[in-house]
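The values are calculated or read from the model by the stated rules, or taken from the named source; none is laboratory data. The shown structure was predicted, so the numbers you read here are calculated from the model rather than taken from an experiment. Positions of Cβ are backbone-derived with ideal geometry, glycine not excepted, and every protein chain shown enters the neighbour counts. SASA here: full protein model, heavy atoms, side chains in, ligands and nucleic acids out. Shrake-Rupley method; radii C 1.70, N 1.55, O 1.52, S 1.80 Å.
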Number of protein chains: 2
Amino acid sequence: MSGPFSFRLISTDGTARLGEIETPHGRVRTPAFMPLGTQATVKGMYPDQVRALGADILLGNTYHLMLRPGPERIAALGGLHWFMNWPHVILTDSGGFQVMSLASLRKIEERGVTFRSHIDGASYELTPERAVEIQTMLGADIAMQLDECIRLPAGRHDIERAMRLSLAWAERCKRAFEHAPPGRALFGIVQGGDDPELRTVSARALSDIGFHGYAVGGLAVGEPQEVMLRIIDDVVPLLPDRHPRYLMGVGTPDDLVKAVARGIDMFDCALPTRNGRHALAFTRFGPVNLKNARHADDWRPLDEVSPCPAARDYSRAYLHHLFKANEMLGAMLLTAANLSYYLELMTAMRAAIAERRFAEFAAATKEGWENGDIPPL
Amino acid sequence: MSGPFSFRLISTDGTARLGEIETPHGRVRTPAFMPLGTQATVKGMYPDQVRALGADILLGNTYHLMLRPGPERIAALGGLHWFMNWPHVILTDSGGFQVMSLASLRKIEERGVTFRSHIDGASYELTPERAVEIQTMLGADIAMQLDECIRLPAGRHDIERAMRLSLAWAERCKRAFEHAPPGRALFGIVQGGDDPELRTVSARALSDIGFHGYAVGGLAVGEPQEVMLRIIDDVVPLLPDRHPRYLMGVGTPDDLVKAVARGIDMFDCALPTRNGRHALAFTRFGPVNLKNARHADDWRPLDEVSPCPAARDYSRAYLHHLFKANEMLGAMLLTAANLSYYLELMTAMRAAIAERRFAEFAAATKEGWENGDIPPL
């Protein structure tokens, strides 16, 4: 069940793809959603619980882990899988995105980026070579190239500069990755903002360099959904068919369905876990805010047919109470319920692709969301 | 397995007792430790997890639940057992203790106590009759009389006044409890501070009134352990033999062993859960502070032979990291590990009483604590 990295395309339905990634720590069924294990933990969840909900793969954040507890420490302790008690597949990002969004005094140069930690102000440097080295020390099954992700809207000049820099870093990451233990994978990241021409340049150049997989970066940074979908439509045909495609930082359940329809194989996003901690549930009825007073006396569960105990075995009144009373169990239950919903959605999409009924599935799912929550008691 | 309240004394070893309480929601093996389910949740724990650790009974706090979400609401939702997804035994306190420690503008009169909520300043009244009514609405298998608990040291006059008031309230609670559904139990509470004479008056008067069980209150409020043990020694012989004895709000593992040796059957305490949330573990090696830097690189678990996954399957380095990074999972794991340790201790004490080797068990356990934590790597 585990071996060197490989990707197998099992079947397609239109542009949507069903596949399987093999890695040293096991198999990932695609399309896949990766819960965030930011600081070596999926916030509020036991690792075996995340597994039981159906996750094949977690995402670890290089930026957070390089600051605390440090990659050398994790390596000395046997790597991130062992450290966080997750013996399954791990993808790590390169740290670039969080450096841009969290660190202070950052300075981006050709050589790399220097910044100060948001925790204690200590200085760090992250170069393409160091990003690969850290991810190698962490033991990631899938590592990401260092890139520069800029916020949209931005001028063409800035977008092009960041895209070219990301390409140069992509080559250096690939070279640095030659020293990584065998069997692991490195993904390149397509940049180019909302400019189709720059996206094309980036996608073609990355394909020429050659990676184990290709990510579409720089999206879900504030642009409208149409812009994101248009870019996916532009980029996907330019990426080599026999490698997984990963849409970074996306998205809502609706984003996921539309991106899978366009040929995306992998996703990560903070929404299910972060919203879960703030009483917002994702369900087959669409979003449900458990802080709303309409739930205070509602004996019904969030979703009586959910396979997730958190959604099925506790009343809405109880969930409402837990959030009003600031009890940890509220965040624990809704995080589990949301991840469960996301992972069920991926399972359902995989089944729909296998049975070549993805369009019908997408329409029925959308209808469920549009019908809205069950009526108040 | 469930029926009307009853207590069966199975065997004794010196003053230590092994017993079994029967209730409408099942059996409680004594000596028993009751985890706190303050706001209808054991903080940071799933209810089925608390059960799996070996808890037979939880404690619910009348003060917290009367303010939020309100006993009428919980009753309309089917009672506290159903509300919090705990189909096993529940004891509720009377609310008196938290009124004294948390509420503002409280005024104690013969009739009852009026106070303002610490949440929103709203006014409430708690009388003996209302305390029984609330606990009945919550559906508690075991309810407690309303009492006045005063902080030590205090003058004899104040202690006596509070003790006499508590006695008057005990009678009124017993009368009010006549309307409770059959099978449920009401416990009286011995007060009298550190004054043996007043404690004697209180214990005798309560025995004359007649309750299903007897608590020793007003301890663990700042007095030295010797004072507490002396009072237990004074009071226990005055209590009817065929009823359970509950030492309220106690204590450390050492307190528990010493109180069981003196004939106490039931305990509740915030220490294992509260300390767990603050990185302090209770173990067979004594207390271990996981925030201490000595654990930062320690690959060893908290206790490799623990039956609790939280204590056995995660490294000290990882636990240390989780607390440094303010991750919920740290509190979740150490709460579980601490409750597990407390519940294992109760199981071990019950076995030792059954086998009439309690003194040896207590000495060996104390030796383990005194030997201290495993040496640093």
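Take the range A:315-330 and flag every residue that is small (G, A, S) and closer than 13 Å to B:Y46 by Cα.
Scanning the range A:315-330 gives a single hit, A:G330.
In the range B:245-291, which residues are within 19 Å of the chain's Cα centre (by Cα) and assigned to a loop (DSSP other than H, G, I, E, B)?
B:M248, B:G249, B:V250, B:G251, B:T252, B:R262, B:G263, B:I264, B:D265, B:C269, B:A270
Yes or no: the range A:106-124 includes at least one residue that is under 19 Å from A:P4 (Cα atoms) and either crowded, with 18+ Cβ neighbours inside 10 Å or modelled with pLDDT under 95 (or both).
no
Quick check on A:R111: is it of a type in the set (D, E, K, R) and either in contact (Cβ under 8 Å) with a residue 24 or more places away in the chain or within 14 Å of chain B (Cβ to nearest Cβ) (or both)?
no
Looking at the structure I just gave you, is B:G60 surrounded by 24 or more Cβ atoms within 10 Å (Cβ to Cβ) and on the phi > 0 side of the Ramachandran plot?
Criteria not met by B:G60.
Looking at the range B:253-264, can you tell me whether even one residue there is under 26 Å from A:R73 (Cα atoms) and out of contact with any strand residue (DSSP E or B) (no Cβ under 8 Å at 6 or more places or on another chain)?
Checked the range B:253-264: no residue is under 26 Å from A:R73 (Cα atoms) and out of contact with any strand residue (DSSP E or B) (no Cβ under 8 Å at 6 or more places or on another chain).
Restricting to the range A:43-96, count the residues that are at the interface with another protein chain (Cβ under 8 Å from one of its Cβ atoms) and not in a helix (DSSP H, G or I).
Residues flagged as at the interface with another protein chain (Cβ under 8 Å from one of its Cβ atoms) and not in a helix (DSSP H, G or I) within the range A:43-96 amount to 10.
Take B:A336 and tell me if it is in contact with a Cys (Cβ under 9 Å, 6 or more places away or on another chain) and of a type outside the set (F, W, Y).
In short, yes.
Return the total of residues in the range B:308-325 being facing another protein chain (nearest Cβ under 9 Å) and open to solvent by 10 Å² or more (accessible area, probe 1.4 Å).
Looking only at that region, the number is 5.
Kindly establish whether A:S94 is small (G, A, S), crowded, with 16+ Cβ neighbours inside 10 Å and within 19 Å of A:H179 (Cβ to Cβ).
yes
Would you check which residues across the range A:292-307 are open to solvent by 50 Å² or more (accessible area, probe 1.4 Å), within 31 Å of the chain's Cα centre (by Cα) and within 13 Å of chain B (Cβ to nearest Cβ) and list them?
none
Please indicate, with yes or no, whether at least one residue in the range B:347-359 is of a type outside the set (V, I, T) and under 28 Å from A:E72 (Cβ atoms).
no
So, of the residues in the range A:130-150 that are among the charged types (D, E, K, R) and within 19 Å of A:Q191 (Cα to Cα), which turns out to be surrounded by the most Cβ atoms within 10 Å (Cβ to Cβ)?
Checked the range A:130-150; the qualifying residue surrounded by the most Cβ atoms within 10 Å (Cβ to Cβ) is A:D147.
Just one of (1) over 22 Å from the mean Cα position of the chain (by Cα); (2) under 30 Å from A:R27 (Cα atoms) trips up A:M137, so point out which.
(1)
What's the number of the condition B:L102 fails, among (1) surrounded by fewer than 22 Cβ atoms within 10 Å (Cβ to Cβ); (2) closer than 27 Å to B:R172 by Cβ; (3) modelled with pLDDT of 95 or more; (4) within 21 Å of the chain's Cα centre (by Cα)?
For B:L102, the failing item is (3).
Counting only residues that are open to solvent by less than 30 Å² (accessible area, probe 1.4 Å), under 20 Å from B:R29 (Cβ atoms) and in contact (Cβ under 8 Å) with a residue 60 or more places away in the chain, how many does the range B:247-280 have?
12
Please find, within the range A:24-40, the residue that is nearest to the other protein chains (Cβ to nearest Cβ) out of those that are assigned to a loop (DSSP other than H, G, I, E, B) and open to solvent by 30 Å² or more (accessible area, probe 1.4 Å).
A:H25
Would you check if there is a residue in the range B:363-370 being among the aliphatic types (A, V, I, L, M) and open to solvent by less than 50 Å² (accessible area, probe 1.4 Å)?
no
Among A:R357, A:R350, A:R312, A:R277, which is touching a strand residue (DSSP E or B) at 6+ places or on another chain (Cβ under 8 Å) and within 26 Å of B:K43 (Cα to Cα)?
Only one candidate passes the filter, namely A:R312.
Check A:G155 against each of (1) of a type outside the set (D, E); (2) under 24 Å from the mean Cα position of the chain (by Cα); (3) within 18 Å of A:A220 (Cα to Cα) and name the one condition it does not meet.
The failed condition is (2).
Which one of the conditions (1) at negative phi; (2) open to solvent by less than 10 Å² (accessible area, probe 1.4 Å) does B:K43 fail to meet, given that it meets all the rest?
Single failed check for B:K43: (2).
If a residue counts only when it is farther than 15 Å from A:T92 by Cα and of a type outside the set (D, E, K, R), which helices (runs of 4 or more DSSP H) contained entirely in the range A:102-215 have at least 1 such residues?
In the range A:102-215, the matching helices (runs of 4 or more DSSP H) lie at A:156-177, A:196-209.
Check off (1) outside any helix (DSSP H, G or I); (2) within 30 Å of B:T38 (Cα to Cα) for A:S340 and give me the number that stays unchecked.
All conditions are met except number (1).
Would you pick out the residues in the range A:326-354 that are more than 14 Å from every other protein chain (Cβ to nearest Cβ) and without any contact (Cβ under 8 Å) to a residue 60 or more places away in the chain?
A:A348, A:A351
When you check B:E72 against the structure, is it in contact with a Lys or Arg (Cβ under 7 Å, 6 or more places away or on another chain) and surrounded by fewer than 20 Cβ atoms within 10 Å (Cβ to Cβ), yes or no?
When the stated conditions are applied, B:E72 does not pass them.
Could you pull out the residue among A:M332, A:M346 that is open to solvent by less than 10 Å² (accessible area, probe 1.4 Å), over 27 Å from B:T335 (Cβ atoms) and either modelled with pLDDT of 95 or more or among the β-branched types (V, I, T) (or both)?
Of the residues listed, the single one that is open to solvent by less than 10 Å² (accessible area, probe 1.4 Å), over 27 Å from B:T335 (Cβ atoms) and either modelled with pLDDT of 95 or more or among the β-branched types (V, I, T) (or both) is A:M346.
Filter the range B:226-246 down to the residues that are in contact with an Asp or Glu (Cβ under 6 Å, 6 or more places away or on another chain) and either crowded, with 22+ Cβ neighbours inside 10 Å or of a type in the set (S, T, Y) (or both) and list them by number.
B:P244, B:R245
Before we move on, is B:T283 open to solvent by less than 40 Å² (accessible area, probe 1.4 Å), in contact (Cβ under 8 Å) with a residue 24 or more places away in the chain, over 25 Å from B:V89 (Cβ atoms) and not acidic (D, E)?
yes
Any idea which of A:G26, A:G70, A:G37 is among the small types (G, A, S) and out of contact with any strand residue (DSSP E or B) (no Cβ under 9 Å at 6 or more places or on another chain)?
Every option except A:G70 fails the conditions.
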